[in-house]
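The values are calculated or read from the model by the stated rules, or taken from the named source; none is laboratory data. Source: prediction; values computed, not measured. Every residue, glycine among them, receives a Cβ derived from its backbone with ideal geometry; neighbour counts consider all protein chains shown. All accessible areas refer to the heavy atoms of the entire protein, side chains included, with ligands and DNA or RNA removed. Shrake-Rupley method; radii C 1.70, N 1.55, O 1.52, S 1.80 Å.
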Amino acid sequence: MTDILTTIDSFVWGPAMIALLLGTHIYLTFRTGFIQRKLPQSIRMSVKRDGGGKGDISSFGALATALAATIGTGSIVGVATALLAGGPGAIFWMWLAGLFGIATKYVETYAAVKYRVRDKSGAMLGGAMFVWKRAFARKDGSVPWWATLGAVSFAGFAIIATIGTGSAVQAAAISGIITSSIPAVPAVAVGVVIVAAVAAVIFGGVNSIARVCEWLVPIMAGAYALGCLVIMGMNFSVLGDAVVLIVECAFTAKAAFGGAVGSGIIMALQFGCARGLFSNESGLGTAPIVAAAAKTKNPADQALIAMTGAFWSTGVICLLTGLVLVSTMIAHPDIAQSVLANPSLATGAALASAAFAEIPVFGTPVLVLGMCSFAYSTILGWSYYGNRCVAYLFGPKGIKPYQVVYVAVAFFGAIGVGDVVWTISDIGNALMAIPNIIVILLLSGMIARETRHFVYEDHLDEAADEPVPMTKGPQF
């Protein structure tokens, strides 16, 4: 079974998917007039008070929830596994994919907010499934079969991906880091605590999740980034060598760390892009689901705020992690040889642990708390994504059963799921991304025109049309 899943993973993340993903990022960068140059303005907007827009949660709450789901194990263990599988060059491709992916994050969020709807209780609903059905609806309200297929396939693959990426993988990471750091703590106990902590929040809905994420995300990201900077300072003498090695391995078949890691360009590209998407989710279509619930005056306003998520997750956190890991392996060849003896998810976590152990006394606790916080917040964020997709397909009656399954899978992830789950998550992410990428490419012309009006002609304070009420489909 593992071999079959690995074969499928290699196929869906083959050259065609890499070309689709990177091609979309680059195309949308040009189509939006290099929207990345608006990052300073977007960051300022993300911390301002809301200006009276319509929605269920604050713009920052939506960003914090999306970041909570985004800055997870992919930002630490995901970077380590990309490094071990694709060589140091994978770090470069992760970062580059994240930089161009900012434009994709903007466009997919714009579409989700523009085509969001209100349910009968007044709550905002959005995501690629609603984009497919509303953007291509006929004048009589009917929806072409191909648009329905796009909506259903996105929601279906998203449910699979949330259970793997959002629940099992994150719980396995929490359990792994705690049991390796404190051997006396059994994995079963960790699983029980995870279930209790997750259930206490996700059954409260999006407002409960957003409230937790608003205070948790800044603290956990700041503490982790500070720890990375301390280690980089300790490895300062080899930091330049680490940067050179990352760039060289991105473009040449150069062996690294005493020949223990061979880095081919295709392997670096494949694992860099796969883990890059896992990390920042640009093109995946997940973050727009919660962005659609934000209080915002128009789609461009929230899209600008949402795109900062790709910058923080990959442009900052993943880059810092990559530099820390590569510089540590250069500075400490014994660590490199130890973790490279049997590369896997477990050794990826061990590499991160060894790097942070360089900081006396505080290093290991910072990593343990950071990893647990990142993974926990990711579990919360992805539960909301799955919640909305389940409700879209099955109505409100499907939400509670999904939540029960979600927390149960977290428990089983904590007591022994490893590399197989990462593989399943990679597959689910790829299949989920395809219908999302197709729909935003189809709508990119319209979004580019409206972006010129709202962003480049400075009409961000202008209110857009009110979201339409749902007249049929799941009413929850």
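The table below gives the values:
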{"quantity": "For Leu441, net neighbour charge (Lys/Arg +1, Asp/Glu -1) across residues whose Cβ lies under 13 Å away", "calculated": "0"}
{"quantity": "Residue range of the chain that is longest and free of GluC sites (Glu not before Pro) which are both DSSP loop and sparsely packed (at most 15 other C-beta within 10 Å)", "calculated": "1-456"}
{"quantity": "Listed residue pairs exceeding 22 Å between alpha carbons, taken from Lys48/Lys105; Lys133/Lys400; Lys105/Lys400; Lys120/Lys397; Lys105/Lys295; Lys38/Lys114", "calculated": "Lys133/Lys400; Lys105/Lys400"}
{"quantity": "Computed lengthening from Ala223 to Thr7, 0.36 nm per intervening residue step minus Cα-Cα distance", "calculated": "73.9 nm"}
{"quantity": "Antiparallel DSSP beta bridges within the chain, percent to nearest 5", "calculated": "60 percent"}
{"quantity": "Sequence of Ser237, Ser377 from largest to smallest accessible area, 1.4 Å probe", "calculated": "Ser237, Ser377"}
{"quantity": "Rounded percent of accessible protein surface that carbon and sulfur make up, the chain, 1.4 Å probe", "calculated": "68 percent"}
{"quantity": "Within the chain, longest stretch clear of exposed trypsin sites (Lys or Arg not before Pro) (DSSP loop, no more than 16 other Cβ within 10 Å)", "calculated": "140-471"}
{"quantity": "Debye equation applied to the C-alpha atoms of the chain, log10 I(q)/I(0) at 0.08, 0.12, 0.14 Å⁻¹", "calculated": "-0.42, -0.98, -1.34"}
{"quantity": "Value of relative contact order over the chain, rounded to a whole percent, pairs C-alpha under 8 Å and six or more apart", "calculated": "36 percent"}
{"quantity": "Per residue solvent-accessible surface (Å²) - the chain, probe of 1.4 Å", "calculated": "37 Å²"}
